[in-house]
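The values are calculated or read from the model by the stated rules, or taken from the named source; none is laboratory data. Please read all numbers here as calculations on a predicted model, not as lab measurements. Quick reminder, even Gly has a Cβ in these numbers, built from the backbone with ideal geometry, and neighbours come from all protein chains shown.
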Amino acid sequence: MKLVSFRVGGKSSYGVVTDGGVIDAGRRLGAAFPDLKSALAGGLEKLRALAGAAPDHALEAVELLPVIPNPDKIFCIGVNYMTHLKETGRPTPTHPMIFVRFADSLVGHGRPMLRPPESIQYDFEGELAVVMGSGGRRIPRERALEHVAGYACINEGTLRDWQRHTAQFLPGKSFEQSGAFGPWMVTADEIADPSTLTLTTRLNGEVMQHAEVSDLIFDVPALIAYISTFTTLRPGDVISTGTTGGVGAYREPPVWMKAGDTAEVEISGIGTLRNPIVDEGG
């Protein structure tokens, strides 16, 4: 089942994507579950029950929002693919490198990703996003996937010079509308093992990154177990699991995203997140 958050007619909603369009679950369930985050917490079976309904909107008629527009927490994992570790020259980490992004740093599928005027070192980072379902604290690794609601694509757009101002990555990772999250979430019952997925990032149609998710240093269960040790994971929380090798910063010469470019992140079994690059204020 594919779940989306969207806006149509000036109103935000969420629903189920089918071959025929989008079933507006917000219109049907909104009194009890006003957004997708709340539906993941207690209404997932009601969403499944809607899957056979007639679509309310054509997919191309709605504006897709970030899959979860209002997560409590967005965790991002740094240097978590062996291919990326090798290109950075860093030592193999003993624990996950974790930082956060703000929700307003992400846009939905098809929306412009903004390059701010403060930097031209705007890099792409295709990543697998994990969306939490039942949540919990101190989740054991062997039960971790039971707590996942689903998976999506993220382009963790990064301003490299701002990332490197200090040892803390946050400034380079949270410029408003600098990343993208979508196009939808595929529920976990359709992806039994996320390590079997393949991730590809393209810039203007050219493949820049390509790797199996099995190349992760800390896999999805390990990340959930580690993060839930120090904080309670809640429905709708997002873990962006890290990017693979091939980022623009480590190419010779470096490759930066610029206005007029189109960035795509494709993950097998999920779909393709596509966004134009636009200069902020341009």
List, please: which pairs have Cβ atoms under 9 Å, are six or more places apart or on different chains, and start with a residue in region 109-130 that is closer than 10 Å to Ala259 by Cα and end with one that is among the acidic types (Asp, Glu) and in a strand (DSSP E or B)? Leu114/Asp279; Arg115/Asp279
Tell me yes or no: at least one residue of region 27-39 is farther than 22 Å from Arg234 by Cα, outside the structural domain of Asp219 (by TED's automatic domain parsing) and surrounded by fewer than 23 Cβ atoms within 10 Å (Cβ to Cβ). yes
Condition broken by Pro91, with the remaining ones in (1) modelled with pLDDT under 95; (2) closer than 24 Å to Ile154 by Cβ satisfied: (2)
Search result, residues across region 125-135 that are out of contact with any Lys or Arg (no Cβ under 9 Å at 6 or more places or on another chain) and more than 17 Å from Ser38 (Cβ to Cβ): Glu125, Glu127, Leu128, Ala129, Val130
Glu142 - would you say it is farther than 21 Å from Leu64 by Cβ and free of Cβ contacts under 8 Å to residues at least 24 places away in the same chain? no
Does region 181-207 hold any residues that are surrounded by fewer than 23 Cβ atoms within 10 Å (Cβ to Cβ) and over 17 Å from Ser268 (Cβ atoms), and which are they? Leu203, Asn204, Gly205, Glu206
Please pick out the residue among Glu212, Glu252, Glu264 that is within 19 Å of Gln121 (Cα to Cα) and free of Cβ contacts under 8 Å to residues at least 60 places away in the same chain. Glu252
Checking the condition modelled with pLDDT of 95 or more and not aromatic (Phe, Trp, Tyr), which residue from Arg101, Arg164 passes? Arg101
Spot the failing condition for Asp72; the list is (1) acidic (Asp, Glu); (2) over 25 Å from Asp219 (Cα atoms); (3) within 18 Å of the chain's Cα centre (by Cα), and only one is missed. (2)
Find the residue count for region 72-90, including only residues that are outside any helix (DSSP H, G or I), of a type outside the set (Val, Ile, Thr) and buried (at least 18 other Cβ atoms within 10 Å of the Cβ). 5
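This table checks each residue for (1) closer than 25 Å to Ala41 by Cα; (2) in a loop (DSSP other than H, G, I, E, B).
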| site | (1), (2) |
| --- | --- |
| Ser240 | yes, no |
| Pro253 | no, yes |
| Gly260 | no, yes |
| Thr272 | no, no |
| Ile277 | no, no |
| Gly282 | no, yes |
Looking only at residues in region 145-180 that are small (Gly, Ala, Ser) and either out of contact with any helix residue (DSSP H, G or I) (no Cβ under 7 Å at 6 or more places or on another chain) or surrounded by fewer than 20 Cβ atoms within 10 Å (Cβ to Cβ) (or both), which one is nearest to Ala249 (Cα to Cα)? Gly157
When Ala61 is evaluated against the numbered criteria (1) aliphatic (A, V, I, L, M); (2) more than 23 Å from Ala129 (Cβ to Cβ); (3) free of Cβ contacts under 8 Å to residues at least 40 places away in the same chain, which criterion, by number, is the only one it fails? (3)
Of all residues in region 1-15 being surrounded by fewer than 23 Cβ atoms within 10 Å (Cβ to Cβ) and aliphatic (A, V, I, L, M), which is farthest from the chain's Cα centre (by Cα)? Val8
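Filter region 222-274 for residues that are of a type in the set (Phe, Trp, Tyr) and surrounded by 15 or more Cβ atoms within 10 Å (Cβ to Cβ); which is nearest to Gln209 (Cα to Cα)?
Tyr250
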Among (1) among the polar types (S, T, N, Q); (2) touching a strand residue (DSSP E or B) at 6+ places or on another chain (Cβ under 7 Å); (3) more than 20 Å from Asp261 (Cα to Cα), the one test that Gln163 misses: (2)
